[in-house]
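In what follows, a single structure is set out as structure tokens and then discussed.
Every number here is computed from the coordinates shown, using simple stated rules; none is lab data. Small disclaimer: the values here were computed from a predicted structure and weren't measured. Methodologically, a virtual Cβ is constructed for each residue, glycine included, from the backbone with ideal geometry; neighbour enumeration extends over all protein chains shown.
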Amino acid sequence: MSSPSRLSAPVGDPPPGARQLARGITATWWYTFSAVVFVELFLVFIWTLRVFVEPGGAVVPLVVGIGGLVWWLSTMPLLADYRRRLDAEAGIPWARIAAPLLIAIGYGVAAGVLADSLLLGAMPIAQSLVLLNWPRGVRYRVVLFLTALLIVLAFVDGARGATVGGPEVWGPSLYAVLILSMTVSSLWWWDVLVALDRARASESRLAATQERLRVATDVHDLQGHHLQVIALQLELAERLMERDPAAALEQLRLARGSVDDARQGTRDLATQFRTVPLADEVANARDLLSAAGLEVDTAIAADTDQAPADALGPVIRETTTNVLRHGAGRRARLSLSRVAEGWRFEIVNDADPAAPEDRIGSGIDGVRRRITEAGGTLEIRETEGEFGVIVTVPARETAPTSEGLRR
């Protein structure tokens, strides 16, 4: 299976996967931002062309064009403020919106009077109002009202003879009426994405909380049982100390055995929660590399639950980190399959020509030691433009599986 990703950025600290995941919503914002400002700039351009072809000298085109650029720049702080909002704040942040609104009013009045167009006079004011952080549900009513107002003003201009002519005349009027709906649709998509991102974050926090509660419950049950038994054994030993020292000593031995059982049970519980199915390990590695901007191909055998997860799991994590640190950040290939010698894991990535020649650091040395202890082999393969790590470990007659750990 394949999981392509087109994000790209230099790899470094903090971890690339986390950084690229955070940048996904940022990239979408810049698409939204560029769409809105492009529509505004295009509208200023076509209105400037419209007044330029009409008689009246060069003053009107200069006011409409240069004033339009100033108004266009003033809308960018409003968009930036819109991005930072969580929800509409209580009250009106006059300190942030006063200047952009005054620029919109000034430009609208000047351009509308000089161009003799009520529609041009109202359009920049309406557009700036749409960009404000309205409370939930209010923005759409504002857009509907202002759009209806612009339509009325367009008809008034037509009745006064200000828009009589061909497409070069009524085209700017049409865009002036539609800019509000185009803007709010772009911002609506951004709001949807923010809501989905918050839901994803909330789901992750909820899953983490549920897992902590499950761990706490298991630890409480395990330790509570053993501690109760130890307390009873010590109490019995205390009662028998004077009457039957030998029996009291035996109870002390039993209490020590209960302590050992509690310690071993705690270790086993910790091992359970540290064990991750190998299929999930490879899937996590694929998702991390994809989030870092690589095109990732994976091939996972269907019976990976029979592979030695305690040996291969750390290998998968360490080699994935090695790809993020030393790879060129374009392609990677992961495979986990059964072979005659046992199980074979292979990870190959494109090598960065600018990186140091020695790509085998302490992490790979740790992988070599672990695989040697497990009775397996490690192969480093370097070709022109590629770097690969191939690990083979023997199969076990009774391999540990984590299926029983899943709830």
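Subtracting the Cα-Cα distance of Leu149 and Glu235 from 0.36 nm times their residue separation leaves 22.3 nm of extension gain.
Summarising the label geometry, the points placed 7 Å from Cα in the beta-carbon direction at Gln264 and Leu41 lie 7.2 nm from one another. When each of the peptides 119-126, 302-309, 234-241, 206-213 is scored by the mean number of other C-beta atoms lying within 10 Å of its residues, the order from highest to lowest reads 119-126, 302-309, 234-241, 206-213. In terms of the mean number of neighbouring beta-carbon atoms within 10 Å, the peptides 181-190, 282-291 order highest first as 282-291, 181-190. In plain terms, the chain from Ala195 to Val138 could stretch by 18.8 nm, reckoned as 0.36 nm per residue minus the Cα-Cα distance. Once Lys and Arg get +1 and Asp and Glu get -1 on their Cβ, which of Gly57, Leu180, Val194 lies farthest toward the positive end of the dipole of region 21-200? After comparing all options, I get Val194. Provide the FRET efficiency to the nearest 0.05 for the Arg253-Ala299 pair, computing r from the beta carbons and using R0 = 45 Å. E(calc), rounded to 0.05, equals 0.25. Extension gain for Ile380 to Trp30 (0.36 nm times residue separation, less C-alpha to C-alpha distance): 121.8 nm.
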